[in-house]
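Heads up: the structure comes next, in structure tokens.
The values are calculated or read from the model by the stated rules, or taken from the named source; none is laboratory data. A quick note: this is a predicted structure, and the numbers were derived from the prediction, not measured. Note that we place each Cβ from the backbone using ideal geometry, even for glycine, and neighbour counts take in every protein chain shown. Protein only, heavy atoms only, side chains kept; ligands, DNA and RNA dropped before computing areas. Shrake-Rupley method; radii C 1.70, N 1.55, O 1.52, S 1.80 Å.
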Amino acid sequence: MSEPQPRGAERDLYRDTWVRYLGYANEVGEAFRSLVPAAVVWLSYGVASSYVLADAIDKGKKAGEVPSPEAGRSARVTVAVVDTFVWQALASVAIPGFTINRVCAASLYVLGTATRWPLAVRKWSTTALGLLTIPIIIHPIDRWVPSCKFPERKPSVTKQPEGGRSRCTLEGMHFGRYW
């Protein structure tokens, strides 16, 4: 699962326990796509997306609990939620789901053109290949996705002239919403 925690370190429910496996639901759904109704695959995406949302909310709550000046709290919480949501949505749902979908579609096509196996055997073979692909793609995706998200930068909170409301920025980038 993940590296052992040092003594006294807090366990992350969404990354250090069995709950983490809910993020793989859509990959399993994609592997079974040729055998189950489309609604089952969409349900698997709902489970994985709920995991992503819950993890992002949890990281936002933890960021809000860090003692610091109140002026930077909203920015810190927002950055934590957005950063976690973007990373998890890419690494747990979008990229693996697309990858497994394409592996399974390609294998079903190749088995259909290169063999005379019955359709049921081709579908089960495709599902098995999809399931076997999941552990192979996890670590490369987990290493690649962080290079695609927001750069690690400290948020700054600036006062705006209109009403003195503050805006969260990431060195020139802002989320477009005022706090």
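Before moving on, here are some points about what is shown:
- Annotation: of all residues in segment 90-108 being modelled with pLDDT of 95 or more and among the polar types (S, T, N, Q), the one that is least open to solvent (accessible area, probe 1.4 Å) is S107.
- Residue within segment 63-84 that is closer than 30 Å to T126 by Cα, open to solvent by 60 Å² or more (accessible area, probe 1.4 Å) and basic (K, R) present: no
- Any chance L13 is open to solvent by 70 Å² or more (accessible area, probe 1.4 Å), modelled with pLDDT of 95 or more and within 18 Å of the chain's Cα centre (by Cα): no
- Residues in segment 102-151 that are in a helix (DSSP H, G or I) and either in contact with a Lys or Arg (Cβ under 7 Å, 6 or more places away or on another chain) or of a type in the set (D, E, K, R) (or both): R102, C104, L108, L111, G112, R122, K123, D142, R143.
- Residue that is modelled with the lowest pLDDT [pool: residues in segment 62-80 that are hydrophobic (A, V, I, L, M, F, W, C) and outside any loop (DSSP other than H, G, I, E, B)]: A71
- Of the listed requirements (1) within 16 Å of the chain's Cα centre (by Cα); (2) surrounded by 16 or more Cβ atoms within 10 Å (Cβ to Cβ); (3) of a type in the set (A, V, I, L, M, F, W, C), F32 misses just one: (1).
- When A38 is tested against (1) at pLDDT 95 or above; (2) touching a helix residue (DSSP H, G or I) at 6+ places or on another chain (Cβ under 9 Å), exactly one condition is not met: (2).
- So G60, is it among the small types (G, A, S) and either farther than 27 Å from L22 by Cα or touching a residue at least 40 places away in the same chain (Cβ under 8 Å) (or both): no
- Restricting segment 109-127 to residues that are open to solvent by 50 Å² or more (accessible area, probe 1.4 Å) and hydrophobic (A, V, I, L, M, F, W, C) leaves a set whose member that is nearest to A31 (Cα to Cα) is W124.
- Sole exception among (1) out of contact with any Cys (no Cβ under 6 Å at 6 or more places or on another chain); (2) at pLDDT 90 or above for G130, by number: (1)
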